[in-house]
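The values are calculated or read from the model by the stated rules, or taken from the named source; none is laboratory data. Keep in mind the model is a prediction, meaning the values are calculated, not measured. Heads up, the Cβs are rebuilt from the backbone with ideal geometry, glycines too, and the neighbour counts pull from every protein chain shown.
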Amino acid sequence: MTAAPAAAQFWQCAPFARTVSGIEIRGNANTWWGQAAGRYERGKRPKPGAVLAFDSTRRMRVGHVAMVSRVVSEREVLLTHANWSRRGRVENDVRAIDVSDAGDWSRVKVWYQGSMGITAHPTRGFIYGDRASAEVQVAAVAGKTRKG
């Protein structure tokens, strides 16, 4: 029996976000925002290493979580996340834009299968962890998954 390479690993968004961000929350993505209360700072402004918590929707019943790998501008970030465009796979530095009327990141569009997605996804906000830890984890995991 041989071990499969890390690039072949099937990732769900929540375990992947926990691994790369260092934010120690478990359970479905739609529970992260509530679980973070009193444990982690939360807010409406993107920061590298923060996790963006998406609300549940009819098409995303358990929500989604994605880590901010880079802030491009007040209304654009790059996300590193799993299980979005490609089932079970990791995507690094995926474009996401704030399309909320208030500019508060409560609705976002995310790059999806080669183009900017047409759906505006509701979000709760950002969960802030230890940025230094997140940068180290992203480098370690991204290096193992880029071929996937």
Cβ-Cβ distance below 6 Å, separation of 6 or more or different chains: which pairs start in the stretch 89-111 with a residue that is within 15 Å of S73 (Cα to Cα) and end on one that is surrounded by 18 or more Cβ atoms within 10 Å (Cβ to Cβ) and among the acidic types (D, E)? W105/D98; V108/D98
Out of everything in the stretch 63-86 that is surrounded by fewer than 16 Cβ atoms within 10 Å (Cβ to Cβ) and either among the basic types (K, R) or in contact (Cβ under 8 Å) with a residue 40 or more places away in the chain (or both), what residue ends up being nearest to D101 (Cα to Cα)? R75
Report, by residue number, each residue of the stretch 108-133 that is in contact with a Phe, Trp or Tyr (Cβ under 9 Å, 6 or more places away or on another chain), under 20 Å from A36 (Cα atoms) and not in a strand (DSSP E or B). G129
Qualifying strands (runs of 3 or more DSSP E) (wholly inside the stretch 1-107; at least 2 residues being of a type outside the set (S, T, Y) and in contact with a helix residue (DSSP H, G or I) (Cβ under 9 Å, 6 or more places away or on another chain)): 51-54, 64-73, 76-82, 90-98
Every residue in the stretch 29-56 that is more than 13 Å from the chain's Cα centre (by Cα) and either surrounded by 15 or more Cβ atoms within 10 Å (Cβ to Cβ) or under 16 Å from F16 (Cβ atoms) (or both), please. T31, Q35, A36, Y40, R42, K44, S56
Of residues in the stretch 70-88 being modelled with pLDDT under 95 and farther than 20 Å from G27 by Cα, the one farthest from the chain's Cα centre (by Cα): R86
